[in-house]
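Below: one structure, written as C-alpha cells.
The values are calculated or read from the model by the stated rules, or taken from the named source; none is laboratory data. Just so it is clear, the model here is predicted, and its values are computed rather than measured. Quick reminder, even Gly has a Cβ in these numbers, built from the backbone with ideal geometry, and neighbours come from all protein chains shown. Side chains are part of the model used for accessible areas, which takes the heavy atoms of the whole protein and leaves out ligands, DNA and RNA. Shrake-Rupley method; radii C 1.70, N 1.55, O 1.52, S 1.80 Å.
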Amino acid sequence: MRAIWKGAVSFGLVSIGVKLYSATEEKDIRFHQVHREDGGRIRYKRTCSVCGEEVTYDDIAKGYDIGGGEMVILTDEDFADLPLTSSRAIDVLEFVPAEQVDPILYNKAYFLEPEGTAAKPYVLLRDALIDSERVAIVKVALRQREQLATLRVREGVLLLNTMLWPDEIRTPDFGFLDEDLKVRPPELAMASSLIDSMTGEFEPDVFTDDYRAALQEVIDAKVEGREVVQPEEAEEAPAAAVDLMAALKASVERAKAARGEPAARGGGGGGGEPTPISSARSAQKAAEKKAAKAPAKKTAAKKTAEKKAAEPAKKTAAKKTTAKKAEPAKKTTARKAAPRKSA
C-alpha cells in the first residue's frame, strides 16, 4: 500500500505522527472505450467552449456558476488562503459510544500507521479506545476539504472513517408515510418468526459477487479463445403475494428447510399445541382432502342419476317383452275358435 497523506493525530497535548492509507478498494472490472472496428482507444480533448482552443491542465481553474451565464473563477491562491487549521492534523474533538453514530454518515475508510517514534503513543490511544468502548470524533482536512470523521480500532489498527455532514443527508419524503397503514398482530408475529428463522452470524466471506465472477469468466474465455460457458440462470423472484399472511408462513417454512430444520408438525398425536404454521398446513390438507372427495361424490351422484334414468327404460322394455309373449296365446285361442265356426 502507498500512503496518501501524512500528518498527526492531536490527542490533548499528545501528538501522534501517522500515515494514511486507503482501507478499501473497488473490485469492479473496468473497461476502456474503444473503436469497435479496430479497438483503438477513444481520446477526449479538453477544449474551451468560448474560444474552441485545447486547454492544458496548467490553464484550468475552478469556476462557480452563479446563474445567468456568470462564472466566478477561483485560483489555487484563493484556496490556499482558506482557514483549514487541520490541514495536517487529525484533531480529536470528543469520545462517544459507537452506537450513537448513524452508519448512514460513514463515507470512506482509511488505515492509520504510526510514523517514526510514534508507535508508543499510537498503541496507547488504540488500547484506550478499546478499554473505553468509545470512538473518537475528529476533524481532518483531506483534498482541500474539511471533513468530520471517527477513529476506531479494527484488527489492532486505528481506522479513520470520514463522514458526511448532517446537511448532506437527505430527508425521506414518500407518500406511504402519510398513509394510515395498520399491521395486524398475527402478521407482526409471523414476520418476527420469519426474522428468527433467518437469523445467523454475519460472515461476509460467504457472500460473493456472482456477476463479477461471471464477467471475468467471459473475459478469460475471450483471451484464451475458448467457448464461453453460459452461467446458470438466477432463480426468478416470486410474484407479489396477494395473501401476506400466507406468504409469511411459506417464507418461514422455506427458511427452515434451507437450514435443514424439521418441518413444523400439527398438534394432533404429538401432544404439542399446534403452531400457526402447522394449523395452516392442516387447513391446507383438509382443503385438499375435501377437494379430492368432491369428484368422488359427483361421480357417485352421476351413477345414481344414470341408474334412475335407466329404470323407466327397463320397465318399458319389460312391458314390451310381456306384450310380445302374450301374442302367440291370442293366436292359439283364435285357431281353436275357428273350427267351431265351420261346424
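Of the residues Leu160, Leu124, Leu129, which is more than 26 Å from the chain's Cα centre (by Cα), surrounded by 11 or more Cβ atoms within 10 Å (Cβ to Cβ) and in a strand (DSSP E or B)?
Testing whether each residue is more than 26 Å from the chain's Cα centre (by Cα), surrounded by 11 or more Cβ atoms within 10 Å (Cβ to Cβ) and in a strand (DSSP E or B) leaves just Leu160.
Which of the residues that make up the range 8-45 are within 30 Å of Asp91 (Cα to Cα) and aliphatic (A, V, I, L, M)?
Once the filter is applied, which keeps residues that are within 30 Å of Asp91 (Cα to Cα) and aliphatic (A, V, I, L, M), the range 8-45 yields Ala8, Val9, Leu13, Val14, Ile16, Val18, Leu20, Ala23.
Residues being touching a residue at least 12 places away in the same chain (Cβ under 8 Å), open to solvent by 60 Å² or more (accessible area, probe 1.4 Å) and out of contact with any helix residue (DSSP H, G or I) (no Cβ under 6 Å at 6 or more places or on another chain): count how many of those fall in the range 190-216.
Adding up the residues that qualify gives 4.
Pick from the range 132-157 the residues that are small (Gly, Ala, Ser) and under 17 Å from Lys19 (Cβ atoms): which of them is most open to solvent (accessible area, probe 1.4 Å)?
Here the residue is Gly156.
Return yes when Tyr64 is open to solvent by 100 Å² or more (accessible area, probe 1.4 Å), hydroxyl-bearing (Ser, Thr, Tyr) and not in a strand (DSSP E or B) and no when it is not.
no
On the given criteria, is Val18 surrounded by 10 or more Cβ atoms within 10 Å (Cβ to Cβ), at pLDDT 90 or above and among the β-branched types (Val, Ile, Thr)?
Yes.
Given the conditions (1) open to solvent by 80 Å² or more (accessible area, probe 1.4 Å); (2) within 29 Å of Met1 (Cβ to Cβ), and given that Asp91 satisfies all but one, which numbered condition is not satisfied?
In the conditions (1) open to solvent by 80 Å² or more (accessible area, probe 1.4 Å); (2) within 29 Å of Met1 (Cβ to Cβ), Asp91 misses (1) alone.
List pairs: first in the range 250-269 and open to solvent by 80 Å² or more (accessible area, probe 1.4 Å), second at pLDDT below 70, Cβ under 8 Å, 6+ apart or cross-chain?
Pairs that qualify, where the first residue is open to solvent by 80 Å² or more (accessible area, probe 1.4 Å) and the partner is at pLDDT below 70, are Arg265/Gly272; Arg265/Ser278.
List the pairs whose first member sits in the range 87-113 and is farther than 13 Å from Trp165 by Cα, whose second member is of a type in the set (Lys, Arg) and open to solvent by less than 80 Å² (accessible area, probe 1.4 Å), and whose Cβ atoms are under 6 Å apart, counting only residues at least 6 apart or on separate chains?
Asp91/Lys139; Glu113/Lys19
Looking for something closer than 16 Å to Asn107 by Cα and in contact with an Asp or Glu (Cβ under 6 Å, 6 or more places away or on another chain) - is there at least one such residue anywhere in the range 140-149?
Looking for residues that are closer than 16 Å to Asn107 by Cα and in contact with an Asp or Glu (Cβ under 6 Å, 6 or more places away or on another chain), one finds none in the range 140-149, hence no.
Among Glu26, Glu70, which is the only one that is loosely packed, with under 10 Cβ neighbours inside 10 Å and over 30 Å from Phe111 (Cα atoms)?
Glu70
Can you pull out the residues in the range 4-35 that are outside any strand (DSSP E or B) and within 36 Å of the chain's Cα centre (by Cα)?
Answer for the range 4-35, where residues must be outside any strand (DSSP E or B) and within 36 Å of the chain's Cα centre (by Cα): Ile4, Ala23, Thr24, Glu25, Glu26, Lys27, Asp28, Ile29, Arg30, Phe31, His32, Gln33.
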